[in-house]
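For reference, the structure is listed below as structure tokens.
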Amino acid sequence: MSTDSAITYDLVVVGGGGAGLAAATQAAEMGASVALLEKNPELGGTTSRSIGSFSANGTRLQRKAGVADAPSEHFEDMAKFAGPLVERDNLALRRVYVDNSADTLHWVQDHGVALFGPMPEPPHRGPRMHNVLPNSSAYIYWFERAARKAGVRILTNTAARHLVVEEGRVVGVETETTNGTRRVIRARRGVVLAAGDFSSSVEIKTSQFATARAARVEGINPTSTGDGLRLGMEVGGRILNGDLAVGPEMRFVTPSRKLLLQKLPPWRILTTIMLLALRWLPDAIQRPFIMSFATSYLAPSPNVFKQGAILVNADGERFTDESANPQLELPDQPGGKGYLVMDEATATQFKKWPNFISTAPGVAYAYIDDYRRNRRDIFHSARTVPDLAAKIGADPRKLAASIGQSAGSEQNFVALGPLKSWIVLTEGGLAIDTDMRVLDQQDDPIPGLFAAGSNGQGGLLLEGHGNHVGWAFISGRIAAKRALWSPTKEGK
């Protein structure tokens, strides 16, 4: 393996999602030489797959809306989301989040990202959720531009295999490209791990989760394989809150083709028009546009089953008690897929409040007609059970038995699906201090090693919406600053 000393940068960042781009951009804008490693062909990570909201206090958008807010209030409100887990929260990191949220959100806006809001999300005492336009890929678009402009060397198709440690200090990364080229990239000031969670790593999930069944559930981002966490643990780091995850959660499969709103580029002129439309257009015009995007990512509300809908597998069999844990049983069904089925009387209940199919936080509720209009790929209706079975590829006799109808009975039936169970993201991150330094088993910093985003969650609970994206950018910036301020091996 090459150890060419010329392949040396002040900072090496592992991961090209929001946290990695934040760290790389911040460091380069401070005058450092930076290499960013991304194993995939393109940047983005889980940030580009997220809803894209950013919860913050004391922002310009809040002031413009007449909302008075403060870090102390935000700090208190974050605890309300944690419930019985609140004792496991890292209060020092929660303080870091709320104290740096406004400045970081403004930094994100100043780099071109358009945000609208603030939107309410109880039990937050006031509106704090800021939503991105036109979609979450805007974070990646603008920060890739900023990183390249600042001189960051972005190396895609380049995986980090191991950290290089000399005299107890992390001084570089062993890398391997997709064509098999291996080399060492050295770091004078430090390495920042920002490579995402472990939702798609069966090995790490098995070691952290309480049940093997949960560990088998797929991650919604197949490339979230915990690479940064593995690197950190190899040199003495440890995972905190590794048993916590968002999921398993049933969600409707995403469209095979991107919808219009997902394809829109985040150009300033376009987002300016969208912001004006959100401000002035009546809800009747806005809502169909927003829901065309929102219904691509939503999960069915548990209330759907309470109101009479059932869950069947791809063969048409009702395989579970929907009030129990269907999300754990669904992966064991044929193809790991299921369908939400209801008769006409049940479907009619979901045309208006208070009975909704899904909810898009801070945006709108999705009713049966929203799915009929916007998700024709997963909305199936038929006059008879055999016709419905044919549309979803199920056995008509099994489906009839599941519904409790004879195969020849005629009334309108609706099926939504397929549904799959996913681990949306895992909450476990490397133990870190408030300088984003990775800690060893004795809580001592590992020299030269920093972590951000999911890799550096460090026991921080990020319940509710808008906190994971917020933490990605907050922690990425801090990790870069602290790495450049820290002494090198030579004490310089």
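The values are calculated or read from the model by the stated rules, or taken from the named source; none is laboratory data. Keep in mind that what you see is a predicted model, and the values were worked out from it rather than measured. A quick note on method: Cβ atoms are made from the backbone with ideal geometry, for glycine too, and the neighbour counts reach across all protein chains shown.
General remarks:
Quick grid of which residues meet (1) modelled with pLDDT of 95 or more; (2) buried (at least 24 other Cβ atoms within 10 Å of the Cβ):
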| position | (1), (2) |
| --- | --- |
| M436 | yes, yes |
| G448 | yes, yes |
| G459 | yes, no |
| A472 | yes, yes |
| A480 | yes, yes |
| W485 | no, no |
| T488 | no, no |
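- Among the residues here, R95 qualifies as over 21 Å from V191 (Cα atoms) and at pLDDT 95 or above.
- Inspection of the range 66-78 identifies no residue that is in contact with a helix residue (DSSP H, G or I) (Cβ under 9 Å, 6 or more places away or on another chain), surrounded by 20 or more Cβ atoms within 10 Å (Cβ to Cβ) and β-branched (V, I, T).
- Within the range 103-114, the set of residues being over 11 Å from S55 (Cβ atoms) and surrounded by 15 or more Cβ atoms within 10 Å (Cβ to Cβ) comprises T104, H106, W107, V108, Q109, H111, G112, V113, A114.
- Residues of the range 58-76 include none that is within 20 Å of the chain's Cα centre (by Cα) and at pLDDT 95 or above.
- Of the residues A138, A150, the single one that is on the phi < 0 side of the Ramachandran plot and either crowded, with 21+ Cβ neighbours inside 10 Å or basic (K, R) (or both) is A138.
- Given (1) touching a helix residue (DSSP H, G or I) at 6+ places or on another chain (Cβ under 9 Å); (2) outside the structural domain of A390 (by TED's automatic domain parsing), number of the condition V414 does not satisfy: (2)
- Some residue of the range 118-127 being crowded, with 23+ Cβ neighbours inside 10 Å, at pLDDT 95 or above and touching a strand residue (DSSP E or B) at 6+ places or on another chain (Cβ under 7 Å): no
- Of all residues making up the range 173-219, the number that are surrounded by fewer than 24 Cβ atoms within 10 Å (Cβ to Cβ), touching a strand residue (DSSP E or B) at 6+ places or on another chain (Cβ under 7 Å) and of a type outside the set (V, I, T): 9
- Candidates P300, P222, filtered to the one that is surrounded by fewer than 20 Cβ atoms within 10 Å (Cβ to Cβ) and either in a loop (DSSP other than H, G, I, E, B) or at pLDDT 65 or above (or both): P222
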